Amino acid sequence: MIRANFILNSDHRITAFKMTGHADSGPYGQDIVCAAVSALSISTINGLEHVVCAKPEVKSDEHNGGFLRVSAIDVGHDSQILMRTFLNGLQDIAESYPKNIEVKMFEN
């Protein structure tokens, strides 16, 4: 199961997220949940870096259990639009595939 945890500040802005695990919804290369989550996360990080010109800290390890951590996310308007869109996309996937992904939010 993919576990996605979002950290929100006191103003409810997303400042970080961490994803761990694997969806295991299909064979390697045919796992549609993994593909959807990967596409959303890569697009969001690329948007932060290349569209908004933010510099989040990104750490990943796809080999040892699946791991992606993005921190120091800009709390500005444009970055937060990308982050909320990402969060909504993951929540939609979790609604359709609750055995393969869970999304949680925590206040910092």
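Gap in Å between the Cα centre of the range 47-74 and the Cα centre of the range 90-107? The range 90-107 and the range 47-74 have Cα centres separated by 19 Å.
The sum of -39500 (n - 2.57) across all DSSP H runs of n ≥ 4, divided by the residue count of the chain, sets its helix-only mean residue ellipticity at 222 nm to -11000 deg cm²/dmol. Secondary structure note: in the chain, about 70% of the DSSP beta bridges are antiparallel.
List Val33, Val51 from most exposed to least, where exposure is judged by having the fewest other Cβ atoms within 10 Å. Don't skip to the end; give the middle numbers.
Values: Val33 21, Val51 11.
Arranged by neighbour count, lowest to highest, Val33, Val51 become Val51, Val33.
Listed from fewest to most Cβ neighbours within 10 Å, the set Ile42, Ile32, Ile2 follows the order Ile42, Ile32, Ile2. The phi torsions of the range 33-46, fed into the Karplus equation with coefficients 6.51, -1.76 and 1.60 and a -60° offset, translate into couplings of 5, 4, 4, 5, 5, 4, 4, 5, 5, 5, 4, 5, 5, 4 Hz, rounded to whole numbers, with Gly and Pro shown as x. With θ taken as phi - 60° and the Karplus curve 6.51 cos²θ - 1.76 cosθ + 1.60 applied, the whole-hertz 3J(HN,Hα) list for the range 14-31 is 6, 10, 6, 8, 9, 10, 9, x, 10, 5, 6, 9, x, x, 3, x, 10, 7 Hz, x standing for glycine and proline. Here are several values of mean projected area of the Cα convex hull in nm²: (i) 6.7; (ii) 6.4; (iii) 10.5. Which one was derived from the coordinates shown? This structure yields the entry labelled (ii). Here the gap between Phe67 and Thr20, fully extended at 0.36 nm per residue and compared with their Cα-Cα distance, gives a gain of 16.5 nm.
For the chain, with only Lys/Arg (+1) and Asp/Glu (-1) charged at the beta-carbon, what is the dipole magnitude about the Cα centre, in debye rounded to 20?
In total the dipole reaches around 140 debye.
Bear in mind these aren't lab numbers, they're just calculated from the coordinates by the rules spelled out. If you're wondering where the values come from, they're calculated on a predicted model, not measured in any experiment. No Cβ is skipped: glycine too gets one built from the backbone with ideal geometry, and neighbour counts run over all protein chains shown.
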